[in-house]
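Derivation of every value follows stated rules applied to the coordinates shown; laboratory data play no part. Here the structure is a predicted model, which means the values were calculated and not measured. Cβ atoms come from the backbone with ideal geometry, glycine included; neighbour counts cover every protein chain shown.
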Amino acid sequence: MPYKRGQKWVAQVRVSGKRKEKVFLNKKDAITWESESRSNPEEIWPEKTNTVSLFDWSQDYLDYAKAQFVGITYNAKRAMFKRLLNEIDPALPVLELTRAHIQKYIAKQSDERSGYAANKDRKNLVAAWNWGIDNMTPNLTRPNPCQVKKMSEVRSPRYMPPEEDFWKIYNLAGGQDRVMLLAFLHLAARRGEIFRLTWDDIDFNSDQVRLWTRKRHGGNLEFDWLPMTKMLKEALQWWQETRPIKDAVNVFLCLETNNFGQESYGKPFKYRQHFMGSLCERAKVKPFGFHSIRHLTASSLYKLGFVLADIQYVLRHESASTTAKYIKSIGSEGVRSALEAFSKQKGRVLVFKPREIHEGKDPTQKEKAVSRAVNS
């Protein structure tokens with residue numbers, strides 16, 4: 001009889017020690033295939049081969065991803081495979097997957113969703129295949145068929161609030177929420193890094209805060225120590241003394257006592273989906289989220305004149321090019337004064353110092369250089 005594996009049905013037939021399996025989307029088709037397979041003469045059955053279907057590949061990789069990555073990353077990978085298996089037969093042997101299969105799938109995602117979304121799926125597929133090269137039996141082959149041409153993207157720049165808008169919502173917040181917002185700003189932290197922050201990660205003696213992240217190569221949970229500003233230190237010390245749950249491990253906890261928050265009371269935050277939106281609405285400012293505060297910190301450091309290496313250290317990027325992308329949207333402001341100065345030269349003669357003429361050179365070169373400078 002067929003058995004259920006995830007959302008699919010696996011049909012199986014055994015005859016004289018030989019075994020066949022095939023994956024179906026529903027139980028009825030699986031039962032039909034089993035019945036037809038048993039009616040076939042044994043001699044026409046091919047020898048059992050150690051093949052893996054697309055469905056098997058997806059399940060094995062998702063098992064790995066669930067243990068390795070944070071929830072939002074795992075959910076994105078699971079959703080990607082769900083879309084893929086709706087377009088390609090889940091029972092297809094994975095080694096028969098071609099670039100044409102993937103290119104067709106990516107193109108459809110680009111048409112129906114966006115080029116950016118399609119390229120995210122492509123990235124996850126490439127990672128899944130590369131994982132299978134080293135971790136599946138039999139190993140997936142090279143070259144990776146998922147490395148198809150990327151789709152063109154039209155990406156809107158991330159909205160970064162003015163500093164005054166941040167302080168507007170900060171002043172409206174109170175208690176724990178105000179301390180948390182300050183931590184986001186002064187540590188340029190990601191949402192998960194603040195939500196998983198524990199009191200053991202705060203060193204009041206050395207004025208440092210330890211932030212843990214999986215946003216590194218391989219998805220390993222790693223940490224960095226960042227300096228703690230005086231303002232943030234005072235806020236955290238105040239919260240440690242006044243917090244209602246004294247034995248809590250995490251710094252920031254769900255303290256809602258209404259019907260929606262009772263189950264999560266005393267536990268670390270996971271999302272806080274409506275928190276920022278509600279504050280922005282009350283402050284009557286354009287909505288922005290936690291990650292926009294991280295961009296705001298980078299922007300503020302850039303405008304204060306800090307070099308790329310300093311900003312990279314605060315943002316904890318492995319690559320300076322990633323940090324450069326953060327400040328690219330504000331980089332144009334850095335050349336505004338230069339362009340304004342250039343525009344004021346309209347109608348004026350720019351005099352250039354002629355190049356030095358060495359002995360033995362054509363004596364007319366100096367005259368030509370002076371003539372070019374005067375006529376510029």
Practice problem: Enter the mean projected area of the convex hull around the alpha-carbon atoms of region 163-334, in nm², rounded to one decimal. | Solution: 11.0
Quiz prompt | Cβ-based exposure ranking for Tyr302, Tyr170, Tyr265, in which fewest neighbours within 10 Å come first | solution = Tyr265, Tyr170, Tyr302
Quiz item: To the nearest Å, what is the center-to-center distance of region 140-178 and region 124-138, using C-alpha atoms only?
Solution: 28
Quiz item: Taking amide hydrogens as modeled 1.01 Å from N in the peptide plane, which residues meet the under 5 Å criterion relative to Gln208, leaving out close sequence neighbours?
Solution: Asp203, Met228
Self-check item: Residue order, fewest to most surrounding Cβ atoms within 10 angstrom, among Val307, Val209
Solution: Val307, Val209
Self-check item: Computed lengthening from Asp203 to Lys270, 0.36 nm per intervening residue step minus Cα-Cα distance
Solution: 21.7 nm
Practice problem: Report the label-to-label distance for Asn258 and Val52 in nanometres (one decimal), using points 7 Å from each Cα along the Cα→Cβ vector. | Solution: 4.8
Quiz item: Fewest first, what order do Leu279, Leu172, Leu187, Leu304 take by the number of other Cβ atoms within 10 Å?
Solution: Leu304, Leu172, Leu279, Leu187
Practice problem: Answer rounded, prolate or oblate for region 99-254, using the Cα gyration tensor with square roots of eigenvalues a ≥ b ≥ c: rounded when a/c is under 1.5, else prolate when a/b is larger than b/c, else oblate. | Solution: prolate
Practice problem: With 27 Å as the limit, write out which pairs from Lys77/Lys246; Lys22/Lys149; Lys303/Lys325; Lys4/Lys66; Lys149/Lys215 have Cα-Cα distances beyond it, or answer none. | Solution: Lys77/Lys246; Lys22/Lys149
Quiz item: What residues qualify as long-range amide H neighbours of Phe306, i.e. H under 5 Å apart, gap of 5 or more or another chain, H built at 1.01 Å from N?
Solution: none
Quiz item: With charges set only on the Cβ (+1 for Lys and Arg, -1 for Asp and Glu), what does the dipole of region 54-135 come to about its Cα centre, in debye to the nearest 20?
Solution: 380
Exercise. Apply 1/(1 + (r/R0)^6) to the Cβ-Cβ distance of Tyr159 and Ala309, taking R0 = 35 Å, and write down the FRET efficiency to the nearest 0.05.
Key: 0.85
